[in-house]
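Encoded as structure tokens, the structure appears first; notes follow it.
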Amino acid sequence: MLKDRCHINTNRKTDTFVGLEFDGKNYTVSFPLGYALAPEDDDKLLREDLLLLFHTLALYSNQQDSKSGFVQQRDAVTDSPLYAYIYIIKDFVTRGYYKEGIVEYASSKRGKIHWNRTIKQKKPVIQEADIYYLDFITKKNVINENDLITLIHQYCVYLSFLRFGWLFTDYEPPKPQIPFHRQWFSAALQEKLCRTFNDANKMLFANMLKIINSESDEGLRETSFTFGTNRFEYVWEKMIDTAFGISDKQRYFPKTKWKLARKEYDNSKLEPDTIMLHNNNIYVLDAKYYKYGATKNPFDLPESSSINKQITYGEYIDAQADLKNPDSVIYNAFLMPFDKNHWAEENAGALHYAGEAVALWKEAGEGRGKEYEHEHIQGILLDVKHLMQIAEKRSETDIRQLAEIIEEHCSDYGQAD
């Protein structure tokens, strides 16, 4: 069962890897903190969970923070053709192996007549004014089972089922009939792509090329592979920024510099994870991949340095007249992962209020006015699966809901549900 291959991380310090691991015998898939897996007896929904995880990692992991190499070295980093493997599997199930057709001509009384060749090669019978042909040159399409592209396709199908076939079926295709040669295979596929006009075949050859070019020179000699990351916090940040943030957030980065005797030196800027805008207000969001949503332990909440940094962001934006309107309110929030199905409250939504953080060195109390709202940093729990489902584009519905829950609880002194 697919459930036996799945594991949900619970400890951010020891369960660091998120993704797929194969040790040469067994597959293990590790999901991030707070992910809600489908019921163990529903392979269809579990398959959707697995594909959602792989899709998320493919979109938001990069070479600096991911482990996505189908190679022997566990920590090697390359671009993994995840979608190519899955495309090859689905195309194979639908159309089978690619077969190159060749045309053969033969002398026959049956078949599709090739009149040009018949007239040139066969002598007609003439009776009075009529001309008759007793034999014809006919043509037929014959499948070339040993065509190089067919053999490469067999190789790609085998690799695809080896690595991701377990998601769909127990079927194991036969091993390739040809030894791996990356440069030769790649050149053949590139030439075929240039001469192919059938859209389905072009997609097939393009995905085959991705697989071949991602292989090591040893081909099938690897004994293990991984697809995933040890730094899912970066994925968490990118998903939140895509779903809620604006693209030109650089304007909101606080800047500093050193002024020395004869020269000034700019320092690197503080960079908030996400800037969200809604109804003329500004929301500074810090994506925290912390485990509070799973443990409810206050020691698993953001520390003082993070709280003070958020206040700095708010103060900087408040001081820049060109970044806000006179009636704009600046809000601060931490976004942390959780599983809405396992929270104390029944029917918890995708967004859940946790509490409020304040700095004791600030007079963050009631009656100071909306201009000081950024001194109250709201702790918001965000359902992990929901974020992964919406993260490919800005979600106006979720932006509105997040803004409402932040505004509703701001200045309430952290009275969590």
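Just one of the numbered conditions (1) touching a Leu at 6+ places or on another chain (Cβ under 9 Å); (2) among the hydrophobic types (A, V, I, L, M, F, W, C); (3) modelled with pLDDT under 90 is not true of Val18; which one?
Single failed check for Val18: (3).
Please pick out the residue among Ala261, Ala243 that is small (Gly, Ala, Ser) and modelled with pLDDT of 90 or more.
Ala243
Given the criteria in contact with a helix residue (DSSP H, G or I) (Cβ under 7 Å, 6 or more places away or on another chain), open to solvent by less than 50 Å² (accessible area, probe 1.4 Å) and free of Cβ contacts under 8 Å to residues at least 40 places away in the same chain, does Leu209 qualify?
When the stated conditions are applied, Leu209 passes them.
Yes/no matrix, rows are residues, columns are (1) of a type in the set (Val, Ile, Thr); (2) assigned to a loop (DSSP other than H, G, I, E, B); (3) within 15 Å of Asp286 (Cβ to Cβ):
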{"position": "Met208", "(1), (2), (3)": "no, no, no"}
{"position": "Phe227", "(1), (2), (3)": "no, no, no"}
{"position": "Lys238", "(1), (2), (3)": "no, no, yes"}
{"position": "Ala243", "(1), (2), (3)": "no, no, yes"}
{"position": "Tyr265", "(1), (2), (3)": "no, no, no"}
{"position": "Pro272", "(1), (2), (3)": "no, yes, yes"}
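So, of the residues in region 187-202 that are under 15 Å from Thr150 (Cα atoms) and of a type outside the set (Gly, Ala, Ser), which turns out to be surrounded by the most Cβ atoms within 10 Å (Cβ to Cβ)?
The qualifying residue surrounded by the most Cβ atoms within 10 Å (Cβ to Cβ) is Leu189.
Run Met336 past the list (1) within 21 Å of Glu233 (Cβ to Cβ); (2) of a type in the set (A, V, I, L, M); (3) surrounded by fewer than 14 Cβ atoms within 10 Å (Cβ to Cβ) and report the number of the one that doesn't hold.
Met336 satisfies all of (1) within 21 Å of Glu233 (Cβ to Cβ); (2) of a type in the set (A, V, I, L, M); (3) surrounded by fewer than 14 Cβ atoms within 10 Å (Cβ to Cβ) except (3).
Tell me yes or no: at least one residue of region 244-256 is buried (at least 21 other Cβ atoms within 10 Å of the Cβ), of a type outside the set (D, E, K, R) and within 17 Å of the chain's Cα centre (by Cα).
no
Looking at this structure, is Ala287 small (Gly, Ala, Ser) and buried (at least 16 other Cβ atoms within 10 Å of the Cβ)?
yes
Would you tally the residues in region 1-54 being part of a helix (DSSP H, G or I), touching a strand residue (DSSP E or B) at 6+ places or on another chain (Cβ under 8 Å) and open to solvent by 60 Å² or more (accessible area, probe 1.4 Å)?
Of the residues in that region, 1 qualify.
Residues checked against (1) within 28 Å of the chain's Cα centre (by Cα); (2) part of a loop (DSSP other than H, G, I, E, B); (3) without any contact (Cβ under 8 Å) to a residue 40 or more places away in the chain; (4) under 30 Å from Val384 (Cα atoms):
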| position | (1), (2), (3), (4) |
| --- | --- |
| Ala261 | no, yes, yes, no |
| Ser268 | no, yes, yes, no |
| Tyr290 | yes, yes, no, yes |
| Asn308 | no, no, no, yes |
| Tyr313 | no, no, no, yes |
| Ile317 | no, no, no, yes |
| Asp327 | no, yes, no, no |
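Which number in (1) in contact with a helix residue (DSSP H, G or I) (Cβ under 7 Å, 6 or more places away or on another chain); (2) not in a helix (DSSP H, G or I) marks the one condition that Phe197 misses?
(1)
Could you run through region 81-112 and say how many residues are open to solvent by less than 80 Å² (accessible area, probe 1.4 Å), at pLDDT 70 or above and farther than 30 Å from Thr226 by Cα?
Qualifying residue count, region 81-112: 3.
Here are some residues: Gly228, Gly245. Which one is at positive phi and touching a residue at least 40 places away in the same chain (Cβ under 8 Å)?
Gly228
Can you say whether Gly349 is touching a residue at least 60 places away in the same chain (Cβ under 8 Å), among the small types (Gly, Ala, Ser) and within 21 Å of Glu237 (Cα to Cα), as far as the supplied structure shows?
No, not satisfied.
Taking region 274-290, which residues are closer than 22 Å to Asp383 by Cβ and out of contact with any Gly (no Cβ under 8 Å at 6 or more places or on another chain)?
Passing the criteria: His278, Tyr283, Asp286, Ala287, Lys288, Tyr289, Tyr290.
Considering only region 292-314, how many residues are over 30 Å from Asn9 (Cα atoms) and either touching a helix residue (DSSP H, G or I) at 6+ places or on another chain (Cβ under 7 Å) or open to solvent by less than 20 Å² (accessible area, probe 1.4 Å) (or both)?
Residues in region 292-314 being over 30 Å from Asn9 (Cα atoms) and either touching a helix residue (DSSP H, G or I) at 6+ places or on another chain (Cβ under 7 Å) or open to solvent by less than 20 Å² (accessible area, probe 1.4 Å) (or both): 3 in total.
So, Ile152, is that one within 30 Å of Glu48 (Cβ to Cβ), modelled with pLDDT of 90 or more and open to solvent by less than 10 Å² (accessible area, probe 1.4 Å) or not?
In short, no.
With the structure loaded, tell me whether Leu387 is crowded, with 21+ Cβ neighbours inside 10 Å and either modelled with pLDDT of 90 or more or among the aliphatic types (A, V, I, L, M) (or both) or whether it fails that test.
Spelling it out, Leu387 is indeed crowded, with 21+ Cβ neighbours inside 10 Å and either modelled with pLDDT of 90 or more or among the aliphatic types (A, V, I, L, M) (or both).
Six or more apart or on different chains, Cβ under 8 Å: which pairs go from a residue in region 174-194 that's closer than 18 Å to Lys99 by Cα to one that's surrounded by 12 or more Cβ atoms within 10 Å (Cβ to Cβ) and of a type in the set (D, E, K, R)? Could you list them?
Short answer, once both residue conditions are applied: Leu193/Lys202.
The values are calculated or read from the model by the stated rules, or taken from the named source; none is laboratory data. Everything numeric in this text was worked out from a predicted model, so none of it was measured. Note that each Cβ is placed from the backbone with ideal geometry, even for glycine, and that neighbours are counted across all protein chains shown. Note: accessible area is taken over every heavy atom of the protein model, side chains too, but ligands, DNA and RNA are not part of it. Shrake-Rupley method; radii C 1.70, N 1.55, O 1.52, S 1.80 Å.
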